[in-house]
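Please read the structure below before turning to the comments.
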Amino acid sequence: MELKLTPKQYRRLLDLVYIGNWVLNSTRGEDRIKEYDEVESLIFSYCLNRGMTNLVELYEGELIPSRAFADGGIHEAIMAYEDVTFFEILAEELAMRDLGEPTRENYEALMDRMEQYMGEFEENGTDHITVDME
């Protein structure tokens, strides 16, 4: 298979590959899915002959994204996604706690309650969330 990319497209591909592997493997500890690590290593290996050597480094015999790549802002994008996902799931869970599982009858009320929670989270984050520990 041959894939032709501009330098800018290749750089974007590096971001996508890194984010994908991060989502799949970052929480797995020693139980990483090695096949995804191998694909990431392969894609990043092309940095070596494209003048992007600062984006890749050798670690334990494998080419991996460099510290410079990881510290270059990609984790801010991942964190932004995680924040939005966290608040959306929290709003949904709280709305279902308040109104029950979604049905045809309560769907609109459930969506309205979720929007209310999302508005609260956008305005105050988690500052007003309390948990009773009885």
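The values are calculated or read from the model by the stated rules, or taken from the named source; none is laboratory data. Note that this is a predicted model, so its numbers are computed, not measured. When we count neighbours, we look across all protein chains shown, and the Cβ atoms used for this are built from the backbone with ideal geometry, even at glycine.
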Residue, surrounded by the most Cβ atoms within 10 Å (Cβ to Cβ), within the stretch 69-83, restricted to residues that are of a type in the set (A, V, I, L, M, F, W, C) and closer than 21 Å to Val39 by Cβ | Phe69
Which residues, taken from the stretch 64-121, are more than 18 Å from Leu16 (Cα to Cα) and of a type in the set (Phe, Trp, Tyr)?
-> Phe86, Phe87, Tyr107, Tyr117, Phe121
Could you list, in sequence order, the residues of the stretch 40-84 that are part of a strand (DSSP E or B) and aromatic (Phe, Trp, Tyr)?
-> Tyr59
What's the number of the condition Val84 fails, among (1) more than 30 Å from His128 (Cα to Cα); (2) out of contact with any strand residue (DSSP E or B) (no Cβ under 6 Å at 6 or more places or on another chain); (3) not aromatic (Phe, Trp, Tyr)?
-> (1)
Which one is farthest from the chain's Cα centre (by Cα), of the residues in the stretch 31-75 that are modelled with pLDDT of 95 or more, among the acidic types (Asp, Glu) and farther than 21 Å from Thr6 by Cβ?
-> Glu57
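Residues are listed down the side, and each one gets a yes or a no for (1) surrounded by 12 or more Cβ atoms within 10 Å (Cβ to Cβ); (2) in contact (Cβ under 8 Å) with a residue 40 or more places away in the chain; (3) outside the structural domain of Met118 (by TED's automatic domain parsing):
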| residue | (1), (2), (3) |
| --- | --- |
| Glu2 | no, no, yes |
| Arg11 | yes, yes, yes |
| Tyr18 | yes, yes, yes |
| Ser26 | no, no, yes |
| Arg32 | yes, no, yes |
| Leu42 | no, no, yes |
| Cys47 | yes, no, yes |
Check whether at least one residue in the stretch 53-66 is touching a residue at least 24 places away in the same chain (Cβ under 8 Å), touching a Pro at 6+ places or on another chain (Cβ under 7 Å) and not acidic (Asp, Glu), and report yes or no.
-> yes
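Residues are listed down the side, and each one gets a yes or a no for (1) among the hydroxyl-bearing types (Ser, Thr, Tyr); (2) surrounded by 11 or more Cβ atoms within 10 Å (Cβ to Cβ); (3) at pLDDT 95 or above:
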site	(1), (2), (3)
Thr85	yes, no, yes
Glu92	no, yes, yes
Leu110	no, yes, yes
Met118	no, yes, yes
Phe121	no, yes, yes
Ile129	no, yes, no
Residue count for the stretch 94-108, restricted to those that are hydroxyl-bearing (Ser, Thr, Tyr) and either surrounded by 11 or more Cβ atoms within 10 Å (Cβ to Cβ) or modelled with pLDDT under 95 (or both) | 1
Hey, among the residues in the stretch 94-134 that are in contact with a helix residue (DSSP H, G or I) (Cβ under 7 Å, 6 or more places away or on another chain) and without any contact (Cβ under 8 Å) to a residue 12 or more places away in the chain, which one's nearest to Asp83 (Cα to Cα)?
-> His128
